[in-house]
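Undergrad: Handing you this structure, nothing more for now.
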Amino acid sequence: MSGLFSWDAWATVWNHRESFLLGLGNTLLTAFSALVLAFAIGAVIGLMATSGKKPLKFIARVYVEFIQNTPLLLQLCFLYYALAFAGLSLGVIRTGIIALGVYTGAYMGEVVRAAIESVPKGQFEAAQAQGFNYLQRMGYIILPQSIPVMLPPMVNQVVNLFKNTSCLYIVGGADLISVTYSFVTGASTGGAYAPAYIVCGAIFFVVCFPLSTLATRWEASLKERKGKADPALRAVKRTALKEAA
Amino acid sequence: MSTLASSFSILAQPGVFVYLLRGVAFTCIISVLGVILGLILGSLLALARTYCKKGPARILGWLSAAYIELFRNTPYLLWIFVCVVFCPCPAFFARKMFGLTSVEMKLLFKAALALILFNSSVIAEIVRGGLNGVAKGQFEAGYAQGFNTAEVLLYIILPQAYRNIVPTLLSQVITTIKDSSYLANVATIELMARIRQLLSAAGTYNGLGTVNVSDVMVLFGTACVIYFIINFTLSCIVRAMQARRKKALVFAPAKAA
């Protein structure tokens with residue numbers, strides 16, 4: 001256990017706290033920017049997939065399938081090396097933001113699609129019958145009902161996005177994982193494996209745990225509310241009560 | 001366009017095809033192992049977290065909850081690094097095997113272990129979802145038939161839970177195949193790493209002496225196609241399964257009535 005109980009190793013980590021904070025800052029910056037991009041892509045893809053127009057649906061499907069079925073690491077390397085060898089290098093962080101945003105965008109798109117599809121068809125028809133146009137229909141009727149369904153899985157995607165920033169390591173990023181690794185292998189700081197990994201893991205945990213717990217609880221409470229409102233389930237409960245009586 | 005032609009000629013080199021094919025095989029083997037062993041460990045964790053709620057067994061429930069949350073909320077790459085440094089590798093694996101050097105075998109063992117540890121936490125949550133879907137009455141019915149707790153779990157609860165989660169588990173295989181590319185960070189064993197390895201030596205393979213954009217396109221494009229074929233096939237199976245289940249679910253109440 002290299003350095004787990006060594007006071008010096010912990011002291012080295014403490015003395016280099018600024019590089020860890022810098023790594024965290026890079027990770028947060030990448031994750032946040034990628035999240036904004038992912039939201040934008042997700043909204044567009046989700047609306048395209050539920051638009052009912054064949055060509056739009058097809059484009060959204062192809063995008064989602066292609067992105068979801070290839071590894072993020074591959075997409076990032078593809079983008080990074082293609083740009084680098086074409087002489088258009090954007091830098092690791094910006095390349096990472098694009099790759100992560102495009103990747104998470106596909107997942108967000110699926111979340112948006114599923115949430116919009118969870119709204120009963122009658123709602124669309126009723127809105128149309130009232131003379132609402134597409135924007136009004138979405139803005140007043142459909143989205144207010146689908147956003148609560150969307151939010152918990154979106155929070156889960158944020159957690160994944162945050163963890164996925166670790167992929168930047170392969171192209172030599174300066175995110176939290178990469179900083180930790182260069183810290184433990186560095187000439188002057190090397191060897192303090194256990195403390196550095198514990199600190200790095202703890203930072204990830206502190207950010208991700210509250211979010212993923214929130215998502216799980218939220219989802220459970222939504223399900224419970226939906227269960228209460230579900231007429232079929234109410235009927236089952238009624239019968240059960242009658243039988244008990 | 002001559003650079004593009006020479007980039008394609010990389011793939012036609014005699015050794016390259018086999019090299020990549022072995023990489024695909026390793027990707028598949030690592031992922032399948034990761035899911036199967038992850039399922040075993042994950043099931044134990046899920047059982048402990050779901051049912052160990054009273055008496056001294058509570059500690060077991062807490063421990064498995066802690067394990068699951070710890071691994072779920074930290075990146076896989078961190079666990080690869082941790083295992084590479086701290087995990088001992090038994091002598092059996094630390095030798096030449098499957099065309100890998102002993103150093104690569106050691107790394108493969110450690111990274112695969114990291115994958116199993118990481119995967120088990122994700123799969124535990126999937127299994128827990130399956131367990132929660134099994135009606136409580138099934139327990140009571142099992143006990144009433146004279147089964148003990150282990151028998152009830154093994155013969156009645158788990159089979160139903162597994163049946164519920166087959167599609168989710170298959171999607172986890174897709175995720176695992178994608179995650180296995182993280183191994184490229186520590187060793188050149190599986191597809192992703194081998195593609196990168198080829199790219200770094202592309203100058204000698206394409207006969208031009210330099211690495212061009214077209215090499216990047218061809219090599220990573222090939223990897224994309226391979227990953228896509230494997231994963232898309234799996235995701236089509238998942239979707240077909242879910243559609244069939246949905247249908248069964250729609251018709252079931254009618255049958256009951």
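Undergrad: Nearest 10 degrees, 0 to 90: what angle lies between the long axis of helix B:58-72 and the longest principal axis of chain B (Cα atoms)?
TA: 30 degrees
Undergrad: Using the alpha-carbon atoms, what tilt in degrees (0 to 90, nearest 10) does helix A:176-185 show relative to the longest principal axis of chain A?
TA: Relative to chain A, helix A:176-185 is tipped by roughly 20 degrees.
Undergrad: What is the Å³ per residue value for the convex hull set by the Cα atoms of chain B?
TA: 168 Å³
Undergrad: Would you mind pulling out the separation of the Cα centroids of the stretch A:6-59 and the stretch A:80-157, in Å?
TA: 15 Å
Undergrad: Oh, and also: With the calculation restricted to Cα positions, what are the radius of gyration and Dmax of the stretch A:87-126 in angstrom?
TA: Rg and Dmax of the stretch A:87-126, Cα atoms, are 17.1, 54 Å.
Undergrad: Counting only protein heavy atoms and a 1.4 Å probe, tell me what percentage of the stretch A:7-244's accessible area is made up of carbon and sulfur. Could the numbers behind the result be given before it?
TA: On the way: 8170 of 12150 Å².
Carbon and sulfur atoms account for 67 percent of the accessible area of the stretch A:7-244.
Undergrad: Using only alpha carbon positions, build the gyration tensor of the stretch B:80-184, then give the equivalent ellipsoid semi-axes as the square roots of 5 times its eigenvalues, largest first, whole angstrom.
TA: Each semi-axis is the square root of five times an eigenvalue, giving 38, 16, 11 Å.
Undergrad: Based on the Kirkwood radius over alpha-carbon pairs, what is the Stokes-Einstein translational diffusion coefficient of the stretch B:1-148 at 25 °C with 0.890 mPa s viscosity, in µm²/s?
TA: Working: Rh = 18.6 Å.
Translational diffusion coefficient: 132 µm²/s.
Undergrad: For the stretch A:7-244, what number results from the quotient of the Cα radius of gyration and 2.2 N^0.38 Å? Walk me through the intermediate numbers first.
TA: Values: Rg = 22.8 Å, N = 238, 2.2 N^0.38 = 17.6 Å.
In units of the 2.2 N^0.38 Å rule of thumb, it is 1.30.
Undergrad: Turning to a different aspect of this structure: Please identify the longest segment of chain B free of exposed trypsin sites (Lys or Arg not before Pro), where exposed means a DSSP state other than H, G, I, E or B and no more than 14 other Cβ atoms within 10 Å. It would help to have the intermediate numbers written out before the result.
TA: Values: sites that count: B:Lys53, B:Lys54, B:Arg95, B:Lys96, B:Lys136.
Answer - B:137-257.
Undergrad: Which of A:Glu125, A:Glu65, A:Glu219 moves the most in a Gaussian network model of chain A with Cα springs under 10 Å?
TA: Evaluated over chain A, the most mobile residue of the options is A:Glu125.
Undergrad: Using a Cα distance threshold of under 24 Å, what count of lysine pairs results for the stretch A:7-244 when pairs must be 8 or more residues apart or interchain?
TA: Close lysine pairs under the 24 Å cut-off: 11.
Undergrad: If you line up the long axis of helix A:72-85 against the longest principal axis of chain A, both from Cα atoms, how many degrees apart are they, to the nearest 10?
TA: Roughly 60 degrees, rounded to the nearest 10.
Undergrad: Across chain B, how many lysine pairs separated by 8 or more positions, or lying on different chains, have Cα atoms within less than 20 Å?
TA: For chain B, the number of qualifying lysine pairs is 7.
Undergrad: Take every Cα-Cα pair in the stretch A:1-108 and report what % of them are more than 21 Å apart.
TA: Across the stretch A:1-108, Cα pairs with separations above 21 Å total 54 percent.
Undergrad: Starting from the Cα of A:Leu22, step 7 Å toward the Cβ, then list every residue of the stretch A:151-185 with an amide N under 14 Å from that point.
TA: Output list for this probe position: A:173-184.
Undergrad: Moving on to the next point. Express the relative contact order of chain B as a whole percentage, based on alpha carbon pairs under 8 Å and six or more residues apart in sequence.
TA: Computed over chain B, the figure is 27 percent.
Undergrad: Whole percent per 10 Å bin, from 0 to the bin with the longest distance: what is P(r) over all C-alpha pairs of the protein assembly as shown?
TA: Here the calculated profile for the protein assembly as shown is 4, 15, 26, 26, 17, 8, 3, 0, 0.
Undergrad: If all Cα-Cα distances of the stretch A:55-148 are sorted into 5 Å bins from 0 onward, what percent lands in each bin, rounded to whole numbers?
TA: 2, 12, 16, 15, 14, 12, 9, 8, 6, 4, 1, 0
The values are calculated or read from the model by the stated rules, or taken from the named source; none is laboratory data. Please read these numbers as outputs of a predicted model, since none were measured by experiment. Positions of Cβ are backbone-derived with ideal geometry, glycine not excepted, and every protein chain shown enters the neighbour counts. The accessibility values were calculated without ligands, DNA or RNA, using every heavy atom of the protein model including side chains. Shrake-Rupley method; radii C 1.70, N 1.55, O 1.52, S 1.80 Å.
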